[in-house]
1. May I ask you to list pairs of residues, at least six apart or on different chains, whose Cβ atoms are under 7 Å apart, with the first in segment 460-478 being among the charged types (D, E, K, R) and the second being open to solvent by 10 Å² or more (accessible area, probe 1.4 Å)?
2. Determine which single condition Q48 fails, assuming it passes every other condition in (1) more than 22 Å from the chain's Cα centre (by Cα); (2) over 23 Å from G401 (Cβ atoms); (3) surrounded by 24 or more Cβ atoms within 10 Å (Cβ to Cβ).
3. Filter segment 257-302 down to the residues that are more than 16 Å from the ligand (Cβ to nearest atom), assigned to a strand (DSSP E or B) and either touching a helix residue (DSSP H, G or I) at 6+ places or on another chain (Cβ under 7 Å) or closer than 25 Å to T394 by Cβ (or both) and list them by number.
4. Are there any pairs with C-beta distances below 6 angstrom linking a residue in segment 370-386 that is modelled with pLDDT under 55 and among the charged types (D, E, K, R) to a residue that is part of a loop (DSSP other than H, G, I, E, B) and open to solvent by less than 10 Å² (accessible area, probe 1.4 Å), with the two at least 6 apart or on different chains, and if so which?
5. Among the helices (runs of 4 or more DSSP H) contained in segment 165-254, which hold 2 or more residues that are open to solvent by 10 Å² or more (accessible area, probe 1.4 Å)?
6. In segment 535-544, what residues are in contact with a helix residue (DSSP H, G or I) (Cβ under 9 Å, 6 or more places away or on another chain) and of a type outside the set (G, A, S)?
7. For S305, state whether it is more than 22 Å from T472 (Cβ to Cβ), modelled with pLDDT of 95 or more and not basic (K, R).
8. Look through D54, D104, D109 and report the one residue that is without any contact (Cβ under 8 Å) to a residue 24 or more places away in the chain and away from the ligand (no atom under 16 Å from the Cβ).
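The values are calculated or read from the model by the stated rules, or taken from the named source; none is laboratory data. Since the structure is predicted, the reported quantities are computational estimates derived from the model, not experimental observations. Positions of Cβ are backbone-derived with ideal geometry, glycine not excepted, and every protein chain shown enters the neighbour counts. Side chains included, ligands, DNA and RNA excluded: accessible areas come from the protein's heavy atoms. Shrake-Rupley method; radii C 1.70, N 1.55, O 1.52, S 1.80 Å.
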Amino acid sequence: MKYLKNLFLILILLLIISCDSKPVHGKNGMVVSTSTQASKIGIDILKQGGNAVDAASAVGFALAVTSSSNGNIGGGGFMVGHFADGKTFTLDFREMAPSKAYKDIYLDDNNNVIEGKSLTTHFASGVPGSVDGLLKAWRDHGSGSIPLKQLLEPAINLANNGFKLSKYEANRFNKNKDFLSKHSATKLIFTRNDREWKEGDIFFQKDLAKTLTRIASKGRDGFYKGITAKLIVEEMKKVGGWITYQDLDNYLSKYREPIIGSFNDYNIISMGPPSSGGILIIQMLNMLDLLQTNLNPPLDLDFNSSDYIHLLTEIERRAYADRAEHLGDSDFWDVPKEILLSKSYAEDRIKSIDVSNATNSNDINHGLKMIKESEETTHYSIVDKDGNAVSVTTTINSGYGSGITINGAGFIMNNEMDDFSSKPGVPNLFGLVGNEANAIQPKKRPLSSMSPTIVLKNNKPFLVLGTPGGSTIITTVLQNILNVILHDMNIKEAVSSPRFHSQWLPDVLYYEEGSFSNKLILDLKTKGHDLKQRGNIGEANGIMINEKGFWGGADYRGENTAIGY
Ligand code: GLY
C-alpha cells in the first residue's frame, strides 16, 4: 500500500514537471517573482526604459502590496547585481538590531528563552531595511530615467485602488486568520468579519498607499523620518520604545564585498555576511568539485542518484556545521571568509567523507541544529535588454513576521530578531543554534540564509536565481545551480525538480514528499542516512541567459510568474 502511494506521488510529481517544463522566453527582458502583478510591474518599468535595477526596486515595492506575508517594507533583504559592463554589487538591506537590544533580551530571570518574545512581540522586530535598500539601489545603479514617483506609482495604485486576490493569496490569508487576528491593526486589514477571503475579492490597503506615497515624495525620509517614523515609534512605545527615531534615522543599507567562487567553467557571485548563503554555496561547490575530479573510480553523479544525494548530504553537513561557529555580521565578527572559501579548506573538509557511508553528524565539528524552517521569504530575478542582471531575496522572516502592523502605516513588522542566537544551544524558529558570532548586539544584523546568486559564463550572466525557504535556501540554490550546470536542465526544469535538504543537525536527510523512489530510499538508508519526508522545499525563481535570449523559470511550488518580452 505504502509502495503504491509512493508510486502515485512520484507519478503526480512527474506529471506536474513534464506538463510544464518549458521556461518562458523573452528577448528584451525577464522578470520572475512570486506575484503576477509584481512581475508585470517590473516588465513595465523595463519597457519604459528602466534597467534591471529600476525594475528590481519597483518589484520590491509592488511585493510590499501584493505579497504581504513576505515581500514587505517592514523587513529587509539582499540584492546582487551584475551589469553588462562587468560591474558587480551586493547590497545588504538586512534589518538591524535596535540600540536597546542586548545579548540576553529574550531570556527570563532563570536564563531560559521566553517563548515567542523574539517572534510575535514588538521586541521581535529589527529596524527595517527594505526601503533604504531599494532606494539606494535605484539611486546608485538605476538607469536615471525612472523618477521616484514613477517607480512607486504602480505599487501605490495597487494599494490604493485594490487588486484582485488570487486563490493562493486568499487561501494564505484564510489559513493564517488566527495569527492575523491577534493584533488589532493587522486584523483590520488582513481579515474579514463577514466571511473568508475568496479568489477575486478586491484587497485594499489605504494606509500602506499613504506610506508608499510619502516614500515617493520624500524618498528615504518618507519612511525613516516624519509621519511614518512617528507611527513606527508610537507603535513601539506600547512596549517602552523598542525602536526609536534615532534607530530609524541611523539605518543604512550597506554594500558588501561580493562572495565569488567558481565551478567547472562558471563563476558564481553571491551574498556575503550577514548572509551565510554565498560562503556556504561556494564552500559546497568547492567540495563537490574536488570530489568529482578526485574520486577513483568516479561515482555516479547523475541527477538524484543515491551517490549524488549521499555526497551532497555529506558536503552540506560539513558546510552547515561551519556556519554556526564562524558566521555572523562581519561588522561585529571576524568571519574567516578567505579560509572558508579556499580550495585547500575544502580539501581538508572532504577528507572525512566516506563515499559509501553517512558520517554521524556528532562526529563533525562545530555546529548548529536546525529543526523547523519558515518558507516565508521571497525571491525575484530580473534581466534587462542589455543583459544587466539583478537577484533579490527579501523577507520579514516567518509568514507575516511578528504579526504586528504599524497602526496607520499599513505594513507588518518583521520578526527578524529571531534569526539571532537568543542563547547558545537553544534553537530559533529555524532550529538554528548559534554562538558568539551571531549573538545579539545593538545595531548588529542577524545571520541570514538568503542567497541571491548570479552565475556567470564567459564573464556574462548565465543564471540569475534564488529562493525562499529558511535554512533550506542555501541547499536549494546549490541544487538549482547543479541542475543546470551538471544535469543540463533548462531553468524551468531546474527550479521545478524535486529537492532534498540536509543541514548537519538534526542528523536527517529531508526529501520532498513523493520525490524519492523506494529503491532510492533503501539505498540511502543502507548508506546510513536517516530520511524524512517533508512538504515543498523552497520556491526558486530563476532566469537562464543564452544566445537565444532570456529564459524565465518560475517554480510551480507556490504562486510564481515569469514574464518576458
Ligand atoms: N529570515 C530568514 C533568513 O534570513 O535566513
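1. Once the first residue is among the charged types (D, E, K, R) and sits in segment 460-478, its partners that are open to solvent by 10 Å² or more (accessible area, probe 1.4 Å) give K460/G387.
2. Condition not satisfied by Q48: (3).
3. Taking segment 257-302 and keeping what is more than 16 Å from the ligand (Cβ to nearest atom), we get 257-258, 260-269, 282-302.
Of the ones still in play, those that are also assigned to a strand (DSSP E or B) are 260-263, 266-269.
The answer is I260, G261, F263, Y266, N267, I268, I269.
4. Final answer for the pair search is K372/G431.
5. Numbers: elements: 167-175, 177-180, 184-190, 206-218, 221-224, 226-237, 245-250.
Filter on segment 165-254 gives 167-175, 177-180, 184-190, 206-218, 226-237, 245-250.
6. As a first pass, look at segment 535-544 and keep what is in contact with a helix residue (DSSP H, G or I) (Cβ under 9 Å, 6 or more places away or on another chain): 537-544.
Of everything in segment 535-544, those that are in contact with a helix residue (DSSP H, G or I) (Cβ under 9 Å, 6 or more places away or on another chain) and of a type outside the set (G, A, S) turn out to be I537, E539, N541, I543, M544.
7. On the way: more than 22 Å from T472 (Cβ to Cβ): no; modelled with pLDDT of 95 or more: yes; not basic (K, R): yes.
Criteria not met by S305.
8. Numbers: D54 fails: without any contact (Cβ under 8 Å) to a residue 24 or more places away in the chain; D104 fails: without any contact (Cβ under 8 Å) to a residue 24 or more places away in the chain.
D109 is the lone residue from the list that is without any contact (Cβ under 8 Å) to a residue 24 or more places away in the chain and away from the ligand (no atom under 16 Å from the Cβ).
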